[in-house]
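Down below is the structure, laid out as structure tokens.
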Amino acid sequence: MKSHTEYLTMNLPTTTGFINITPQVDQAIRKSGVQEGLVLCNSMHITASVFINDDERGLHHDFGVWLEKLAPFNADPNVYHHNRTGEDNADAHLKRQIMGREVVVAITKGRLDFGPWEQIFYGEFDGKRAKKVLVKIIGE
Amino acid sequence: MKSHTEYLTMNLPTTTGFINITPQVDQAIRKSGVQEGLVLCNSMHITASVFINDDERGLHHDFGVWLEKLAPFNADPNVYHHNRTGEDNADAHLKRQIMGREVVVAITKGRLDFGPWEQIFYGEFDGKRAKKVLVKIIGE
Amino acid sequence: MKSHTEYLTMNLPTTTGFINITPQVDQAIRKSGVQEGLVLCNSMHITASVFINDDERGLHHDFGVWLEKLAPFNADPNVYHHNRTGEDNADAHLKRQIMGREVVVAITKGRLDFGPWEQIFYGEFDGKRAKKVLVKIIGE
């Protein structure tokens, strides 16, 4: 069994945003030499997500509006007790639960075994600082 | 390390619905000959889900009502910008984020290592056309 | 390839709650002897979750309030058809979809390859009885 580990650094200038990281994951798979296996790709931070969906600007706008509706930002520590710690990012912890922490993708014949529109995104909900994404590949 | 890859074709006559695909995943594991390992099962399309829950008709009805409440269908491109592309399925992309893209299940002694009620479902949110589910097995 | 399987028993005296199971997963990895690989950790029951987020009491309170808002308890079988089976836990099946069934975590140099605040939690939404969590480790 082969394994390969990479850490990507994300640094969004905005609080929220989505970045297509498929090229970096693709490149990691090529470096690994794995032909058949699995790649795990996860946010190492708990106010961010890694997920798979469409690379379409309108949809990303819709994700932002929708997440704000389901888990609105509110710095008030009476609304979110997490904000009693001095932070104001409780909503980001909730948004990340909806979008998910990680994806696991099949590697077949040395490539991401993807459907026609699948792309891997980093989703940031509490940005303006550096965060890491882990890419772990195992297989043969 | 052994690996085995299968593609299931789903084709629902309706926009939304849930299909129990546990028998197909079970069969793929038997074909693979893997005794100890992992099986990844994911939708290859971004308006559909693979998830694990109860095979109970009432619950599936409840999932439908609940998802429509959290992420309602609306073809209006002023409501969902994704629909400015000419599509009307933005809600399906959101519903899939709640239900998830994939499951990873343990294989122990050659079988799905499941709790008493766990069953694997394909969840369709934008049907009436053929879509694929990937089953990837690795182990020994 | 090595593999290792453990079953943890959870038994919450309350209907809902969150338990940090990182120490048990850590210990399972040490027992496995795996240096590079993946660990799958999932609830074996469909009204409970395994997820990764912050070990902060205020946030757990917020999760509880938020989930109750998105998927409220209601025993009425006219509200949730699942409750026509004689159960009253339809809301717990929905809450678990938001929080997720499983996590997959990288093992690097024999340890959980975690970011600074990542911790693994069991999330219970229909407690007062024993349930199981599966820990499956594969790698080398």
Give the number of residues within the stretch A:55-71 that are in contact (Cβ under 8 Å) with a residue 60 or more places away in the chain and more than 9 Å from every other protein chain (Cβ to nearest Cβ). 1
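Report the residue count in the stretch C:71-99 for those that are touching a Lys or Arg at 6+ places or on another chain (Cβ under 8 Å) and either under 21 Å from A:L67 (Cα atoms) or of a type in the set (D, E, K, R) (or both).
Step one: list which residues in the stretch C:71-99 are touching a Lys or Arg at 6+ places or on another chain (Cβ under 8 Å), which gives C:71, C:77, C:81.
From the residues that got through so far, the ones that are either under 21 Å from A:L67 (Cα atoms) or of a type in the set (D, E, K, R) (or both) too are C:71.
Of the residues in the stretch C:71-99, 1 are touching a Lys or Arg at 6+ places or on another chain (Cβ under 8 Å) and either under 21 Å from A:L67 (Cα atoms) or of a type in the set (D, E, K, R) (or both).
Would you mind finding the one in A:V50, A:V34, A:V25 that is over 30 Å from B:K69 (Cα atoms), touching a Cys at 6+ places or on another chain (Cβ under 7 Å) and in contact (Cβ under 8 Å) with a residue 60 or more places away in the chain?
Values: A:V50 fails: over 30 Å from B:K69 (Cα atoms); A:V34 fails: touching a Cys at 6+ places or on another chain (Cβ under 7 Å).
Unique residue meeting the criteria: A:V25.
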Considering A:F63, A:F114, which residue is among the aromatic types (F, W, Y) and closer than 24 Å to C:E118 by Cβ? A:F63
If we ask which residues in the stretch C:64-76 are within 20 Å of C:K128 (Cα to Cα), open to solvent by 10 Å² or more (accessible area, probe 1.4 Å) and part of a helix (DSSP H, G or I), their number turns out to be 3
Within the set of pairs 6+ apart or on separate chains, which have a first residue in the stretch A:72-98 that is at the interface with chain C (Cβ under 7 Å from one of its Cβ atoms), a second that is of a type in the set (K, R) and in a helix (DSSP H, G or I), and C-beta atoms under 8 Å apart? A:H81/C:R57
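For every residue, the table says whether it meets (1) among the aromatic types (F, W, Y); (2) out of contact with any Phe, Trp or Tyr (no Cβ under 8 Å at 6 or more places or on another chain); (3) assigned to a helix (DSSP H, G or I).
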residue: C:V25; (1), (2), (3): no, yes, yes
residue: C:S49; (1), (2), (3): no, no, no
residue: C:D62; (1), (2), (3): no, no, yes
residue: C:N83; (1), (2), (3): no, yes, yes
residue: C:E87; (1), (2), (3): no, yes, no
residue: C:A92; (1), (2), (3): no, no, yes
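For residues in the stretch B:1-26 being away from chain A (no Cβ under 14 Å) and either among the hydrophobic types (A, V, I, L, M, F, W, C) or under 30 Å from A:Q35 (Cβ atoms) (or both), which is surrounded by the most Cβ atoms within 10 Å (Cβ to Cβ)? Talk me through it step by step, then tell me what you get.
So the first thing to find is which residues in the stretch B:1-26 are away from chain A (no Cβ under 14 Å), and the list is B:11-24, B:26.
From the residues that got through so far, the ones that are either among the hydrophobic types (A, V, I, L, M, F, W, C) or under 30 Å from A:Q35 (Cβ atoms) (or both) too are B:12, B:18-19, B:21-24, B:26.
Details: B:L12: 20, B:F18: 22, B:I19: 15, B:I21: 19, B:T22: 17, B:P23: 10, B:Q24: 16, B:D26: 15.
Only one residue tops the list, namely B:F18.
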Verdict on A:K109 being open to solvent by 10 Å² or more (accessible area, probe 1.4 Å), at positive phi and touching a residue at least 60 places away in the same chain (Cβ under 8 Å): yes
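Residue by residue, here is whether (1) under 24 Å from A:V105 (Cβ atoms); (2) of a type in the set (A, V, I, L, M, F, W, C) holds:
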residue	(1), (2)
B:N42	yes, no
B:R57	no, no
B:V79	no, yes
B:K95	yes, no
B:R101	yes, no
B:D126	yes, no
For the stretch B:77-94, enumerate the residues that are among the hydrophobic types (A, V, I, L, M, F, W, C), within 14 Å of A:R57 (Cα to Cα) and open to solvent by 40 Å² or more (accessible area, probe 1.4 Å). none
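Working only within the stretch A:114-132, note down all residues that are of a type in the set (F, W, Y) and either open to solvent by less than 10 Å² (accessible area, probe 1.4 Å) or farther than 19 Å from B:R101 by Cα (or both). Show your work before the answer.
As a first pass, look at the stretch A:114-132 and keep what is of a type in the set (F, W, Y): A:114, A:117, A:121-122, A:125.
Of everything in the stretch A:114-132, those that are of a type in the set (F, W, Y) and either open to solvent by less than 10 Å² (accessible area, probe 1.4 Å) or farther than 19 Å from B:R101 by Cα (or both) turn out to be A:F121, A:Y122, A:F125.
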Looking only at the stretch B:99-140, how many residues end up being within 25 Å of C:L38 (Cα to Cα), within 14 Å of chain C (Cβ to nearest Cβ) and assigned to a strand (DSSP E or B)? 16
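The values are calculated or read from the model by the stated rules, or taken from the named source; none is laboratory data. Because the structure is a prediction, the values reported are computed rather than measured. In this analysis, Cβ positions are derived from the backbone assuming ideal geometry, glycine residues included, and neighbour counts consider all displayed protein chains. Just the protein is used for accessible areas: all its heavy atoms, side chains included, with ligands, DNA and RNA removed. Shrake-Rupley method; radii C 1.70, N 1.55, O 1.52, S 1.80 Å.
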